[in-house]
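See structure below.
The values are calculated or read from the model by the stated rules, or taken from the named source; none is laboratory data. Keep in mind that this is a model prediction, so the values were computed, not measured. All Cβ positions, glycine included, derive from the backbone under ideal geometry; neighbour counts span all protein chains shown.
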Amino acid sequence: MVAFIGLAAVKSNGQVVMKDFLTEDHVGKVDKAANMNGGALYYKFEYVSTEGARINYKLHLYKDKGMSTPWMSFDVLMRNLNWTYYVDITMSKDGADKVAALIFKKDLRWGRVKFSPHEGCGRTNPPVWERYTIGEQKGTPEELYAGLLNNYLMQLDKNVDFNCYAGSK
């Protein structure tokens with residue numbers, strides 16, 4: 001009975017991570033980006049493929065609104081599990097990979113970023129990863145999901161010097 005009530009409460013709040021969102025491209029921008037000297041940083045999560053529970057994307061960062069040529073790109077793995085949604089961006093430097101992870105707890109409707117940038121690639125020491133709570137925010141699932149991804153990129157922009165990864169693979 002308790003599990004049924006808990007599940008009903010989760011369903012009544014509406015899903016933020018809808019299955020059909022995970023095979024679409026997602027485009028956005030970070031206003032007043034540290035990596036753009038206060039200008040906008042544009043991004044696109046480009047859907048690549050699905051392999052079981054693994055959803056592959058490519059994240060492209062752009063310096064211009066036209067988004068014609070990516071400034072840099074990263075491999076992204078998304079996993080949409082029953083209670084948790086993960087977005088893992090693989091960032092490479094000097095042959096070493098590190099993963100910037102967004103962990104979103106669906107039932108609690110909050111997410112947190114976990115990442116320790118490569119030596120010399122952090123903007124803040126130590127990095128400050130703020131919890132992002134959807135809570136009682138209003139909007140369509142599309143708007144809430146876009147807000148989740150945008151917050152993820154805003155936090156990365158604030159804490160990571162992307163120039164450190166330019167030209168790396």
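Data overview
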{"read-out": "Lys29 being closer than 21 Å to Glu143 by Cα and either in contact with a helix residue (DSSP H, G or I) (Cβ under 9 Å, 6 or more places away or on another chain) or modelled with pLDDT under 95 (or both)", "value": "yes"}
{"read-out": "Given (1) closer than 21 Å to Gly167 by Cα; (2) without any contact (Cβ under 8 Å) to a residue 40 or more places away in the chain; (3) touching a Gly at 6+ places or on another chain (Cβ under 7 Å); (4) not β-branched (Val, Ile, Thr), index of the condition Lys44 fails", "value": "(3)"}
{"read-out": "Hits in region 91-148 (condition: among the hydrophobic types (A, V, I, L, M, F, W, C), outside any strand (DSSP E or B) and in contact with a helix residue (DSSP H, G or I) (Cβ under 8 Å, 6 or more places away or on another chain))", "value": "Phe115, Cys121, Val128, Trp129, Ile134"}
{"read-out": "Complete set of residues in region 149-169 that are in contact with a Lys or Arg (Cβ under 8 Å, 6 or more places away or on another chain) and part of a loop (DSSP other than H, G, I, E, B)", "value": "Asp161, Ser168"}
{"read-out": "Those residues of region 41-57 which are surrounded by fewer than 16 Cβ atoms within 10 Å (Cβ to Cβ) and in contact with a strand residue (DSSP E or B) (Cβ under 8 Å, 6 or more places away or on another chain), in sequence order", "value": "Val48, Ser49, Thr50, Ala53, Arg54, Asn56"}
{"read-out": "Residue that is touching an Asp or Glu at 6+ places or on another chain (Cβ under 7 Å) and among the small types (Gly, Ala, Ser), where the choices are Ala53, Ala33", "value": "Ala33"}
{"read-out": "Check on Val76, in contact with a Ser or Thr (Cβ under 8 Å, 6 or more places away or on another chain), under 13 Å from Val160 (Cα atoms) and hydrophobic (A, V, I, L, M, F, W, C)", "value": "no"}
